[in-house]
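Visitor: Take a look at this one; I'll ask things after.
Every number in this text was worked out from the coordinates using simple rules, so none of it is lab data. All values derive from a computational prediction rather than experimental measurement. Please note: Cβ atoms are built from the backbone with ideal geometry, for glycine as well, and neighbour counts cover all protein chains shown.
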Amino acid sequence: MGIAGAGKGTQSKLLTENFGFHYLSTGELLREYGTPEQHERMLAGEILDDQEIITMVDEFLLSLDDPNNLLLDGFPRTIPQVEWLLGQVQKGRISLDGVIHLAVSREVVEKRLLLRGRNDDTSEAISRRFDEYEAATLPILTYLKQHGVAIHDINADQEPATVNQDIIDSLSLSK
Ligand code: AMP
């Protein structure tokens, strides 16, 4: 989990390359296979319907021979999505080792996204997304913690290689 600019894509790529995880980014999947209506809502910065997202993740899990060793990027994003995921754990369908939370400061996000220079990455938009992210994410992290899920808080203000090493150390990953 992490706001746009925290480095989710970069870190997911490094982890997937080095540890061979199955990787699912709901945002990427939507950009590639979403309906025109879904694309419109994404462009407007809206969060998509929980049931649509859950169906996508469910189908992805069904497509795997082994649904473990999985890295989810951008999911869960809402409490109903968390509840569904924890339900899958309860059913024994998957096990959940933990959540990587890429915590990043407003200043660093702003610097990174302004460098990226996408047309929706204005200072005001970044600031708004930051407020929204904090409002939506902090309750999810609290909810997960209350349900016994390990949260790995990583200082994502650092350079990508350092962030990557901190994730590896925090999860005690070995090749
Ligand atoms: P991302 O690539 O993770 O930043 O996602 C891009 C966009 O896809 C988001 O702004 C949402 O509109 C949509 N999206 C991706 N994942 C989810 C999710 N788990 N729940 C709802 N909407 C999502």
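Visitor: Once you've got the GNM for the chain with C-alpha springs shorter than 10 Å, pick whichever of S95, S25, S63 has the biggest mean-square fluctuation.
Guide: With Cα springs under 10 Å in the chain, the top fluctuation among S95, S25, S63 is at S63.
Visitor: A further question on this structure: Under the definition of Cα pairs under 8 Å and six or more residues apart, what whole-number percent is the relative contact order of the stretch 33-123? Please report the intermediate quantities before stating the final value.
Guide: Working: 25 pairs, mean separation 14.9, N = 91.
Worked out over the stretch 33-123, it gives 16 percent.
Visitor: Report the rotationally averaged projected area of the stretch 72-175 based on its alpha-carbon convex hull, in square nanometres.
Guide: On the way: hull surface 31.1 nm².
Mean projected area for the stretch 72-175: 7.8 nm², to one decimal.
Visitor: Taking the alpha-carbon distance from K145 and a cut-off under 28 Å, which lysines remain once sequence neighbours fewer than 8 residues away in the same chain are dropped?
Guide: Cα-Cα hits under 28 Å: K8, K13, K91, K175.
Visitor: I want the local charge near D49. Using Cβ-Cβ distances under 11 Å, sum +1 for each Lys or Arg and -1 for each Asp or Glu among the other residues.
Guide: Numbers: positive: R41; negative: E37, E46, D50, E52.
Spelling it out: positives minus negatives among the neighbours equals -3.
Visitor: Given the options A156, A136, A44, state which has the largest fluctuation in a GNM of the chain using a 10 Å cut-off (strictly under) for Cα springs.
Guide: For the chain, modelled as a Gaussian network with Cα springs under 10 Å, the answer is A44.
Visitor: Assuming 0.36 nm per residue, please report the length gained on full extension of the stretch T10 to E124 beyond their Cα-Cα distance.
Guide: Details: separation 114, 0.36 × 114 = 41.04 nm, distance 2.41 nm.
Separation in residues times 0.36 nm, less the Cα-Cα distance, equals 38.6 nm.
Visitor: Can you give the extra length, in nm with one decimal, that the chain gains between E40 and N18 once fully stretched, where that is 0.36 nm per residue apart less the Cα-Cα distance?
Guide: Values: separation 22, 0.36 × 22 = 7.92 nm, distance 3.48 nm.
Once the chain is fully extended between E40 and N18, it gains 4.4 nm.
Visitor: Most mobile of H152, H39, H101 per a Gaussian network model of the chain (Cα springs, under 10 Å)?
Guide: Per the Cα network of the chain with a 10 Å cutoff, H39 tops the list.
Visitor: Net charge near Q81: determine it from the other residues with C-beta under 12 Å of the C-beta of Q81, scoring Lys and Arg +1 and Asp and Glu -1. It would help to have the intermediate numbers written out before the result.
Guide: Details: positive: R77; negative: D49, D50, E52, D58, E83.
Neighbour charge sum, excluding Q81 itself: -4.
Visitor: Name all residues of the stretch 76-105 having a backbone nitrogen under 12 Å from the label point set 7 Å from the Cα of I151 along its Cα→Cβ direction, giving them as ranges.
Guide: Counting backbone N atoms under 12 Å from the label point, the list is 99-103.
Visitor: Right, another one. For the stretch 1-126, what number results from the quotient of the Cα radius of gyration and 2.2 N^0.38 Å? Write down the numbers at each step before the final one.
Guide: Numbers: Rg = 15.5 Å, N = 126, 2.2 N^0.38 = 13.8 Å.
So the stretch 1-126 has a normalised radius of gyration of 1.12.
Visitor: How charged is the neighbourhood of L62? Take every other residue with its Cβ under 15 Å from the Cβ of L62, and add Lys/Arg as +1 and Asp/Glu as -1.
Guide: Local net charge: -2.
Visitor: Which helices of the chain meet both criteria: a Cα extent of 24 Å or more along the helical axis and a mean Kyte-Doolittle score no lower than -0.5, with helices taken as whole DSSP H segments?
Guide: Length and hydropathy pass: 123-146.
Visitor: For the stretch 36-109, what Kirkwood radius comes out of the mean inverse Cα-Cα distance, in Å? Numbers along the way, then the final one.
Guide: On the way: mean 1/r = 0.0704 Å⁻¹.
This gives a value of 14.2 Å.
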